[in-house]
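Written out below as structure tokens is the structure these notes cover.
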Amino acid sequence: MTMQFNHNAEIALSGEADIPAATRVIYGPDKALSGVLEELAAAGASRAFIITGKSMGASHLVARLKEGLGANCCGHFAAMGEHSPRSTVLEAARQARSAGADLLVGIGGGSTIIGTKGVALVLGEGEDLDALRAHYDYQTRKITAPKLTKAKPPVIAIPTTLSAGEFSSAMGITDDATGAKDIFIDPKVVPRAVILDPVMTTATPARLWSSTGIKALHNAVERYYALNANPFIQGLCLEATRNVFRYLKRSVDNPNDLDARGRLQFLNWMTAFGAGKGGIGLGHGICHQLGGVCDVPHGISGCIVLPFMMEFNRPATLEKQRQIAMAMGFEDTAASDEAAAIWAEQHVRGLIASLGLPARLHEVGVKREDLPKVAEMTLRDRTLSPTPRPPRDADEIFTLLERMF
């Protein structure tokens with residue numbers, strides 16, 4: 001019997017998804033110390049090297065963790081810079097090597113967690129970062145990355161913001177010399193354990209917490225309508241969107257609401273696990289380069305970029321933006337898809353305003369003369385690959401940036 005296939009039917013799903021290699025996610029209040037001790041034993045390690053930024057490094061929460069680890073803590077690098085600069089990644093790696101570290105613990109937001117993965121990369125592969133980075137060809141929309149096969153020290157991530165890169169094999173590390181945020185990809189640096197302890201987030205400044213919550217929403221929206229999306233990640237992204245609108249304002253109004261904070265800590269897991277292979281979209285590329293060129297934190301840039309990207313992508317994503325609107329609470333079943341999409345964009349703008357977060361690039365110190373460089377570098381960012389409405393060229397990105405300005 002010959003099987004017949006209907007080739008006129010809608011094209012069947014086809015693609016690849018990234019499944020992060022973290023072996024454990026530990027969650028709940030006051031889990032940080034017990035979780036690190038358990039992972040030290042499980043990894044056969046005894047010399048944990050802690051990496052933080054300056055403010056988190058000075059907090060009583062990190063001091064308490066170090067005291068609890070005792071002799072198992074062999075050192076602490078407390079100067080990981082914003083946007084994970086090469087200089088601080090390399091210096092942290094040198095100090096970790098000198099201390100004889102056999103396990104790394106990153107505590108903080110995206111810059112610190114990604115920087116900690118970068119330290120693991122350098123300890124395994126060496127300091128020639130130019131030879132290790134990935135390359136993206138916008139014309140062919142292909143990403144090439146070297147195969148990085150050497151062993152890396154295990155990493156434990158304790159994120160204290162809502163978008164810290166703890167579930168990804170990718171790292172955005174800023175080149176101090178050029179300001180470009182280069183991408184590195186190595187599955188061996190994905191944390192073996194991620195500890196989601198809401199108590200550790202109570203030292204996070206409100207503006208940083210709330211802006212990274214919008215960044216997590218940016219992740220959810222852009223991954224949901226990306227060309228490499230699949231039903232698995234789309235379901236998670238819609239639930240992540242619901243949770244941002246349920247819990248983010250509540251957690252800001254009451255910083256001691258550990259239930260709201262704990263639930264929000266799942267956002268990055270929900271928007272990374274099972275995501276399509278090959279990047280996220282144009283909005284993320286813009287945020288990467290605003291960070292590298294203009295020193296704008298990724299959470300803050302996401303607040304500005306997301307609504308404009310929803311508008312820019314609207315013609316290519318109307319039906320999907322209706323689903324996003326429904327996850328935000330849109331209930332008008334008689335409204336058109338376009339009306340629902342416009343409502344979603346306005347609802348996002350309303351949430352951002354209610355949190356006291358910026359809406360324009362000039363509000364965060366971006367200079368108009370920097371926009372052409374941001375546009376050129378964005379066009380080379382590997383995360384553009386699955387964007388649903390590809391920009392024609394750098395000029396179109398520049399026009400979009402001018403609207404954001």
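The numbers here are math on the coordinates, done by the rules we state, and not lab data. Since we're looking at a predicted model, the values are computed, not measured. A quick note on method: Cβ atoms are made from the backbone with ideal geometry, for glycine too, and the neighbour counts reach across all protein chains shown.
Counting charges near P154 (Lys, Arg +1; Asp, Glu -1) among other residues having Cβ under 10 Å from its Cβ returns a value of +1.
Structure remark: mean-square fluctuation, Gaussian network model of the chain, C-alpha springs under 10 Å; the largest value among R360, R223, R86 belongs to R360. What you get for the range 17-201, charging only the Cβ of Lys and Arg (+1) and of Asp and Glu (-1), is a dipole of about 220 debye around the Cα centre.
The count of lysine pairs in the range 35-177 with alpha-carbon distances below 29 Å, taking only pairs 8 or more places apart or on different chains, stands at 11.
Considering helices alone, the calculated mean residue ellipticity of the chain at 222 nm is -15000 deg cm²/dmol, with DSSP H runs of length four and up weighted by -39500 (n - 2.57) and normalised per residue. How many angstrom lie between the C-alpha centres of the range 231-266 and the range 383-405? After rounding, the separation between the Cα centres reads 29 Å.
According to the calculation over all Cα-Cα pairs in the chain, the P(r) per 10 Å bin from zero is 5, 24, 33, 25, 10, 3, 1, 0 %.
Assuming charge only on the beta carbon of Lys and Arg (+1) and of Asp and Glu (-1), the dipole of the range 207-262 about its Cα centre is about 100 debye to the nearest 20.
Over the residues of the range 308-405, compute the C-alpha Rg and express it relative to 2.2 N^0.38 Å.
Values: Rg = 15.3 Å, N = 98, 2.2 N^0.38 = 12.6 Å.
Taking N as the residue count of the range 308-405, the ratio is 1.21.
Phi angles of the range 179-196 translate, via the Karplus equation with coefficients 6.51, -1.76, 1.60 and θ = phi - 60°, into HN-Hα couplings of x, 6, 8, 8, 9, 10, 10, 7, x, 6, 9, 4, x, 6, 9, 10, 10, 9 Hz per residue; Gly and Pro are given as x. For the range 131-164 versus the range 62-111, the spacing of their alpha-carbon centroids is 19 Å. Rounded to the nearest 20 debye, the dipole magnitude of the range 178-335 is 180 debye, with +1 charges on Lys and Arg beta carbons, -1 on Asp and Glu beta carbons, and the Cα centre as origin. Please name whichever of A12, L129, V119 sits farthest to the positive end of the charge dipole of the chain, dipole taken about the Cα centre and charges placed at Cβ: Lys and Arg +1, Asp and Glu -1. The Cα lying farthest towards the positive end belongs to V119. For the pair K150 and A206, the difference between a 0.36 nm per residue extended length and the Cα-Cα distance amounts to 16.2 nm. Subtracting the Cα-Cα distance of A42 and S87 from 0.36 nm times their residue separation leaves 13.0 nm of extension gain.
Here the contact order of the range 180-295, divided by its residue count and restricted to Cα pairs under 8 Å and six or more residues apart, works out to 35 percent.
What does the charge count near I304 come to, summing +1 for each Lys or Arg and -1 for each Asp or Glu among other residues with Cβ under 15 Å from its Cβ? Let's see the in-between values first.
Numbers: positive: R207, K215, R349, R360, K367, R368, R403; negative: E222, D295, E311, E345, E363, D370, E402.
Summing Lys/Arg as +1 and Asp/Glu as -1 gives 0.
What do you get for the angle between helix 60-69 and the principal long axis of the chain? Use alpha-carbon atoms, 0 to 90 degrees, nearest ten. The answer is roughly 50 degrees. Only beta bridges with both residues in the chain are counted; by DSSP, about 35 percent of them are antiparallel.
Return a whole-number percent for the relative contact order of the range 17-201, with Cα pairs under 8 Å and 6 or more residues apart as the contact set. It would help to have the intermediate numbers written out before the result.
Values: 393 pairs, mean separation 55.4, N = 185.
It comes to 30 percent, rounded to a whole number.
The range 285-309 and the range 317-359 have Cα centres lying 20 Å from one another.
Applying 0.36 nm per residue to the separation of R380 and D395 and subtracting their alpha-carbon distance, the gain on full extension is 4.1 nm. How charged is the neighbourhood of D332? Take every other residue with its Cβ under 13 Å from the Cβ of D332, and add Lys/Arg as +1 and Asp/Glu as -1. So the environment of D332 carries a net charge of -2. Tilt of helix 337-354 relative to the longest C-alpha principal axis of the chain, in degrees (0 to 90, nearest 10)? So the inclination is approximately 40 degrees. Per-residue Cβ neighbour counts within 10 Å put F308, F232, F49 in the sequence F232, F308, F49, beginning with the fewest.
Cβ crowding within 10 Å ranks E402, E91 as E402, E91, fewest other Cβ atoms first. For the range 17-201, the share of DSSP beta bridges that are antiparallel, to the nearest 5, is 30%. Taking the charge dipole of the range 256-385 about its Cα centre, with +1 at Lys and Arg Cβ atoms and -1 at Asp and Glu Cβ atoms, the residue from S385, G329, M309 reaching farthest to the positive side is S385.
Of the residues L351, A45, C294, the one whose Cα sits farthest towards the positive end of the charge dipole of the chain is A45 (charges of +1 on Lys and Arg Cβ, -1 on Asp and Glu Cβ, taken about the Cα centre).
Against the chain, whose longest principal axis is taken from its Cα atoms, helix 86-98 shows a tilt of about 30°.
Remind me, relative contact order of the chain in percent, using alpha carbon pairs under 8 angstrom and six or more residues apart? Could you put the intermediate results ahead of the total?
On the way: 791 pairs, mean separation 69.3, N = 405.
Rounded, it is 17 percent for the chain.
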